[in-house]
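Chemist: Okay, handing you the structure first.
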Amino acid sequence: MNLKPGIDRQELLHDIYKRAYELEQRYYGCAQCLVASIQDFFPVNNSLFKASTSFSGGFASTIEGPCGALTGGIMILSYYFGRSREDFADIGMLRRPGPLVRIYWDRFHDTYGGDTCRHVQMHLFGNAYRFLENDEYVAYEEAGGHSDKCPDVVAKGAVWLAEMLLDNDVPTIRKK
């Protein structure tokens, strides 16, 4: 584990949870908020933050694709452990992040009963709200969508990722 001197692991994880929760409450966009919360504590290029824009709400708010907290997390794991352009010819490097992605996906799936935005919503609300239908989006917000439900999903995902990064010696920068 690569923590700066004087930084307590549990305190760091608490701060990451709090930051991710706050970002999702304030700015929306589960994938981007997850990436931003990790970026506030670990070195992550701004291009990854920008690239995560349309991965929220099951791909561009359709709710049919994977939850953005899951895809954002996979993007983070691939960013740190994936194949670089310099290693492009090394086919073996393509599978390098796979075991960590599987751990993250399993934890996500076990917690929410699936991996799509629709599955997560069914777990959280007992209903799935189509974000692109205005009346359903309003009902989603009234049911706690961004007040507590999705912020908790993003925050838990950020903590799971931070644990994996710390356990694999990714250094922290601790901005917040």
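The values are calculated or read from the model by the stated rules, or taken from the named source; none is laboratory data. None of these values were measured; they are calculated from a predicted model. Don't worry about glycine lacking a Cβ; one is built from the backbone with ideal geometry, like all the others, and counts go over all protein chains shown.
Chemist: Name the residue, out of L161, L165, that is assigned to a helix (DSSP H, G or I) and touching a Gly at 6+ places or on another chain (Cβ under 6 Å).
Modeler: Working: L165 fails: touching a Gly at 6+ places or on another chain (Cβ under 6 Å).
After applying the criteria, what remains is L161.
Chemist: With the structure loaded, tell me whether G126 is of a type outside the set (V, I, T), out of contact with any strand residue (DSSP E or B) (no Cβ under 9 Å at 6 or more places or on another chain), at pLDDT 95 or above and on the phi > 0 side of the Ramachandran plot or whether it fails that test.
Modeler: On the way: of a type outside the set (V, I, T): yes; out of contact with any strand residue (DSSP E or B) (no Cβ under 9 Å at 6 or more places or on another chain): yes; at pLDDT 95 or above: yes; on the phi > 0 side of the Ramachandran plot: yes.
Judged against the criteria, G126 is a match.
Chemist: Additional query: For F88, state whether it is more than 22 Å from E133 (Cα to Cα), free of Cβ contacts under 8 Å to residues at least 60 places away in the same chain, hydrophobic (A, V, I, L, M, F, W, C) and in a loop (DSSP other than H, G, I, E, B).
Modeler: Working: more than 22 Å from E133 (Cα to Cα): yes; free of Cβ contacts under 8 Å to residues at least 60 places away in the same chain: yes; hydrophobic (A, V, I, L, M, F, W, C): yes; in a loop (DSSP other than H, G, I, E, B): yes.
Criteria met by F88.
Chemist: What do you reckon, is L132 surrounded by 18 or more Cβ atoms within 10 Å (Cβ to Cβ), of a type in the set (A, V, I, L, M) and in contact (Cβ under 8 Å) with a residue 60 or more places away in the chain?
Modeler: Here the answer is no, as L132 does not meet what is asked.
Chemist: Ok, one more. When the residues of segment 78-112 are filtered to those that are under 16 Å from G157 (Cα atoms) and charged (D, E, K, R), which remaining residue is surrounded by the most Cβ atoms within 10 Å (Cβ to Cβ)?
Modeler: So the residue we want is R107.
For every residue, the table says whether it meets (1) of a type in the set (A, V, I, L, M, F, W, C); (2) in contact with a helix residue (DSSP H, G or I) (Cβ under 7 Å, 6 or more places away or on another chain); (3) within 21 Å of L23 (Cα to Cα).
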site: M122; (1), (2), (3): yes, no, no
site: N127; (1), (2), (3): no, yes, no
site: F131; (1), (2), (3): yes, yes, yes
site: Y137; (1), (2), (3): no, no, yes
site: G144; (1), (2), (3): no, no, yes
site: V153; (1), (2), (3): yes, yes, yes
site: G157; (1), (2), (3): no, yes, yes
site: L161; (1), (2), (3): yes, yes, yes
site: L166; (1), (2), (3): yes, yes, no
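The rows are residues; the columns are (1) free of Cβ contacts under 8 Å to residues at least 12 places away in the same chain; (2) closer than 12 Å to G157 by Cα; (3) exposed (fewer than 14 other Cβ atoms within 10 Å of the Cβ).
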| position | (1), (2), (3) |
| --- | --- |
| A20 | no, yes, no |
| L23 | no, no, no |
| Y27 | yes, no, yes |
| A31 | no, yes, no |
| L34 | no, yes, no |
| S37 | no, yes, no |
| V44 | no, no, no |
| L48 | no, no, no |
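Chemist: Still on this model: Could you check I63 against (1) farther than 21 Å from E142 by Cα; (2) of a type in the set (V, I, T); (3) surrounded by 15 or more Cβ atoms within 10 Å (Cβ to Cβ) and say which number it fails?
Modeler: Condition not satisfied by I63: (1).
Chemist: Further question on the same structure: For segment 45-66, name all the residues that are within 16 Å of the chain's Cα centre (by Cα) and not polar (S, T, N, Q).
Modeler: L48, F49, K50, A51, F55, G57, G58, F59, A60, I63, G65, P66
Chemist: Kindly indicate which of A143, A69, A139 is under 13 Å from the mean Cα position of the chain (by Cα) and either of a type in the set (A, V, I, L, M, F, W, C) or modelled with pLDDT under 95 (or both). Walk me through it before giving the result.
Modeler: Working: A143 fails: under 13 Å from the mean Cα position of the chain (by Cα); A139 fails: under 13 Å from the mean Cα position of the chain (by Cα).
That would be A69, the only listed residue that is under 13 Å from the mean Cα position of the chain (by Cα) and either of a type in the set (A, V, I, L, M, F, W, C) or modelled with pLDDT under 95 (or both).
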